[in-house]
1. Roll a 1.4 Å probe over the protein chains and send me the accessible area per residue for the protein assembly as shown in Å².
2. Over all distinct Cα pairs, what is the inverse of the mean 1/r for the protein assembly as shown, reported as the Kirkwood hydrodynamic radius in Å?
3. Which of A:Arg41, A:Arg83, A:Arg149 moves most in a GNM of chain A, Cα contacts under 10 Å?
4. How high is the FRET efficiency between B:Lys95 and B:Lys535 when r is their beta carbon distance and R₀ equals 51 Å, given to the nearest 0.05?
5. For chain B, give me every cysteine whose Cβ has no other Cys Cβ within less than 4.7 Å, ordered by residue number.
6. Tell me the Kirkwood hydrodynamic radius of segment B:457-566 in angstroms, computed as one over the mean inverse distance between distinct C-alpha pairs.
7. Just for the protein assembly as shown, what percent of DSSP beta bridges are antiparallel, to the closest 5?
8. Which order do peptides B:158-169, B:540-551, A:84-95, B:79-90 fall in by mean Cβ count within 10 Å, highest first?
Amino acid sequence: MSQRRSRPLLLKVWGQNACFTRPEMKVERVSYDVMTPSAARGILDAILWKPAIAWHITQIDVLKPIRWESVRRNEVGCVMSPRSNGFFVEKERQQRAGLFLRDVAYTVHAYFELVGGAGSADNVPKFEEMFARRIEKGQCFHRPYLGCREFAANFEPCIGKPPTPEPINKDLGWMLYDMHYGAEEPTPRFFRAFLEGGTLKVPPFDSEEVRG
Amino acid sequence: MILQALVGYYRRISLERSFGVAPRGFEVKEIPFIITISKEGQFLGIDDTRDNAGKKGARKYVVPKSVKKSVNIAANLLWGTPAYVFGMPKPDETKAPEKLTQRAEKQRQSFISKIRETFSEPVTDRGVAAVLHFLEGSERNKVFGHPLWPEIQETGANLSFKVMGENILACQSDAVAMAIDSANQEAIGGRLQPCLVMGELDVPSRLHAPIRGVRGAQSSGANIVSFNLNAFNSYGKEQGYNAPVGAKAEHAYTTALNLLLAKDSRQRIQVGDATTVFWAEQAHKMEEWFADFFGELPADQSEQDNEAVRTLFLAPRMGAPPLEDDYTRFFVLGLAPNASRIAVRFWYEGTVGEVARNIKQHFNDCSIVHGPKERDYLSIFRLLVSTAQLGKAENIQPLLAGEMMKSILNGTPYPATLLSSAIRRIRAEQSKNDANGKPLQNVTYPRACLIKGVLVRNARYYDTGEKEVGMSLDRENANAGYLLGRLFAVLEKAQERANPGINATIRDRYYGAASSTPLTAFPHLLKLKNHHISKLESRGEAVNLEKQIGEIMAGVKDFPALLNLQDQGKFAIGYYHQREEFFKKRDARDGEEDHE
């Protein structure tokens, strides 16, 4: 039987700002302290995704101290409906406050798995190589971002020994893992997150530690 | 993080004080008037629970949680306004009386049907049965003849019921609690989902209880967790289902936060536009002291005997363990209103030790030589108010206060605007007189504290390698700004000595120019100086002043054309230090004379 699972892959990402929004405070946004697994998966998906593979996050290292910034800005408060004649943005303004992270950098530890979409020509080394080539060249399908589209992420390969995380120990409480689409309606899944020596260990999505 | 910490606080206080914290489905509310009825539902009287005829608010009761209303009619269970209880609206001149009465009648109907819906027929609870009997019969009309009634209708104050002989309100009985619980279960009937605060399975709350007491927010309360427009929804979910917070956690965090924000809370301070609350994981003295560090001190308490500051600095000397070693966790939450929602302005999570260490660092950074009548440590409020126009609290820049607090708690450099606003105030007030026409100081003690603090902190944080400004006059400091500040003080002194009792000194006209563009001001000032010194009667004094000027001038190579903001700050500190030095000398001289 051929191999279904890639070796551990590392990626360094960083950016000026980030907002990994907490669901309970997503209107007046407040970020989680650390990148969530779903945000990390989003970044990997932006760089390489095919129907043949699914990404799994195993660990996130925090490379800079957690710093905050409070910003207030104008957004829009309604959604466009196909039945409406559109709306006038100036009338639908909503001021929203946000507590964002500032000057962040992370090492994402992940692997991918071949899934149902894999054909006979697909194999694990093929995608491993593709991933390595793409991050080397800085290629992506869409610009990866740190939680919100407006906070673009920079990325580079992590060659050799991964950088040392900041020595932060913190109980982060229940953190959003990702959405689960199997049930009748999409439901969020949560896991208990701890930062130990700047490292967030992420349990497998289908393990008992993940609730939802 | 925030909600978790609040739930933890709720657990703590519900153990510490068993009443005053409402159980699930209830809330604590001021009820000014209690209607007493007999078991048969006859009207007996009205109790006025207000202190001091309504000036200080009324007694608080645990009552069934209020229903959210905006324009709709929705009654609370067994308590409400006269409009709901009796169909008697609060008079409002802007609205037609018939409409008001019609609406009130509907409100009354809804009040009764709310009770009927909540309790199954026949109503077995004696208290509830008595209330129903009273409300549905003609007995209720007797209320309108009571001497308190006109006032009740005028104020639209909340009413509730008590049955004679019982020591609780009719809405506080066990039967009511059970009915509320089962009504909630039915109403929700929803799927269990893991609560994102506690992690346990629970029914997510659709709407969260409102948070009251955030300055500037609606008086009826606003929400932290709220999805009040459809742009905020995700995955087709509505309201609270967007963020599954279980009913238990929802009750716990809203109750805790409302308690922290309550009117008489000692754990709330206003920092700029952010209403700030703070609490510790376990009961801790820091909860009392924190307000003393940051808040406005009560008028009757002098800062000299500020217990908080004293403990911070003197604890080791008094044999108490230093606060810096305390690992009790401490939380600070700053909230600001935003259109019926509440936004988190800042959030701090640390230990009491860290807080103590950082606050102590702040006081050390800001301390500077001062006159004997001034206090050693000024509260942060006193410092900030010195940057405000007319010294008024409402003129403090709204964001400045919050940023300042954040930088103190985190031990990071003070906000950049702090230096510029202190310098701006100094220049704006260079020629201000008091009510008697005597000139007022512009580089005041609090401003000097602030500027010194900013400079010291920046120097440490960015490691500029420049010589720091110190507590008091530093003759070694060769910074051009600092030297020119000292020179300016000596020149002013020469003028004062030449013209004793003078009303306007060179500071009135030249402080701004001297501190920002020395090249344009100082040559002229030095010419004036020659004139002043020649007027002095005492030759000794003249020589002395010339010597001081010469000493300072030795360090000045050229007069710079411009001084940047940092150097303008150093100018202010140099000026302040030199002036304090003069006072010190004079005080010492005065002291000697006394001895003779």
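1. Working: 38760 Å² over 808 residues.
On a per-residue basis, 48 Å².
2. Working: mean 1/r = 0.0316 Å⁻¹.
For the protein assembly as shown, inverting the mean 1/r across all distinct Cα pairs yields 31.7 Å.
3. A:Arg83
4. Working: r = 77 Å, r/R0 = 1.51.
According to the calculation, E is roughly 0.10.
5. Taking the Cβ cut-off of 4.7 Å, the unpaired cysteines of chain B are B:Cys171, B:Cys195.
6. On the way: mean 1/r = 0.0663 Å⁻¹.
The Cα-based Kirkwood calculation yields 15.1 Å.
7. Numbers: 89 of 97 bridges.
So the antiparallel bridges in the protein assembly as shown amount to around 90 percent.
8. Numbers: B:158-169: 17.9, B:540-551: 14.3, A:84-95: 10.7, B:79-90: 22.5.
Those peptides, ordered most packed to least, come out B:79-90, B:158-169, B:540-551, A:84-95.
The values are calculated or read from the model by the stated rules, or taken from the named source; none is laboratory data. All of these numbers come straight from a predicted model, not from anything done at the bench. Using ideal geometry, Cβ is built from the backbone for each residue, glycine included, and neighbour counts are taken over all protein chains shown. Ligands, DNA and RNA are stripped out before the accessible areas are found, and what is left, the full protein with its side chains, is counted by its heavy atoms. Shrake-Rupley method; radii C 1.70, N 1.55, O 1.52, S 1.80 Å.
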